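Heads up, the thing below is written out as structure tokens.
The values are calculated or read from the model by the stated rules, or taken from the named source; none is laboratory data. Please read all numbers here as calculations on a predicted model, not as lab measurements. Here the Cβ positions follow ideal geometry from the backbone for every residue, glycine too, while neighbour counts run over all protein chains shown. Surface accessibility is based on the protein's heavy atoms, side chains included, excluding ligands, DNA and RNA. Shrake-Rupley method; radii C 1.70, N 1.55, O 1.52, S 1.80 Å.
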Amino acid sequence: MAENATPRAAGDGDIGRRAVLYGGAGVVGAAALAGCASGNEVKSAQDLKGKEIAKAADVPVGGGKIYGDEKVVVTQPTQGTFKAFTAVCTHQGCTVGSVRQGLINCPCHGSDFKITDGSVVKGPADKPLREYPVQVQNGGIVVT
């Protein structure tokens, strides 16, 4: 230390190593949480109206298929009956990950929704998935 310099107590204007680490951890944690919802805005039926969102032949009876680009899941609960829902979970905005055994599953926190009406079967989600009105036109599933 120089002769004329005054000694400083630890923390006087210095950023401590812990503060930097805690701050960095907070930024990383916030970014991870934001990743669940980032880009997962629920589209309105008006946004999708007239758009073909799936091919009927691609959606299995008793199951469904997720279309990530449109954030839509299309199901066929019974032969010839098609349903479409937002693929954005109502719990924290994650994209649902699979359709199996009559349920639409969210991988983030384990919520399950019925393929028939989008209602919650198992939480933590407490609201159903938004349903879009659809019909089959020339072999495609179109939002009406």
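Brief remarks on what is shown
- The stretch 47-143, dipole about Cα centre (Lys/Arg Cβ +1, Asp/Glu Cβ -1), debye to the nearest 20: 80 debye
- Subtracting the Cα-Cα distance of Cys108 and Val121 from their residue separation scaled by 0.36 nm leaves 3.1 nm.
- Just the protein heavy atoms count here, and of the accessible area of the stretch 47-143 at 1.4 Å, carbon and sulfur take up 45 percent.
- Listed residue pairs exceeding 20 Å between alpha carbons, taken from Lys71/Lys127; Lys83/Lys127; Lys55/Lys127; Lys43/Lys65; Lys65/Lys114; Lys49/Lys127: Lys55/Lys127; Lys49/Lys127
- Inter-label distance, nm, simple model (7 Å from Cα along the C-beta direction), Arg100/Val136: 2.7 nm
- Amide H to amide H distances under 5 Å link Val72 with Tyr67, Ala87, where only residues 5 or more positions off or on other chains count and H is placed in the peptide plane.
- Note that the stretch 47-143 presents 48 Å² accessible area per residue, ligands and nucleic acids not counted, probe 1.4 Å.
- Relative contact order of the stretch 47-143, taken over Cα pairs closer than 8 Å and 6 or more residues apart, is 28 percent.
- Heavy-atom accessible area, probed at 1.4 angstrom with all protein chains present, ranks Asp117, Asp47 as Asp47, Asp117, highest first.
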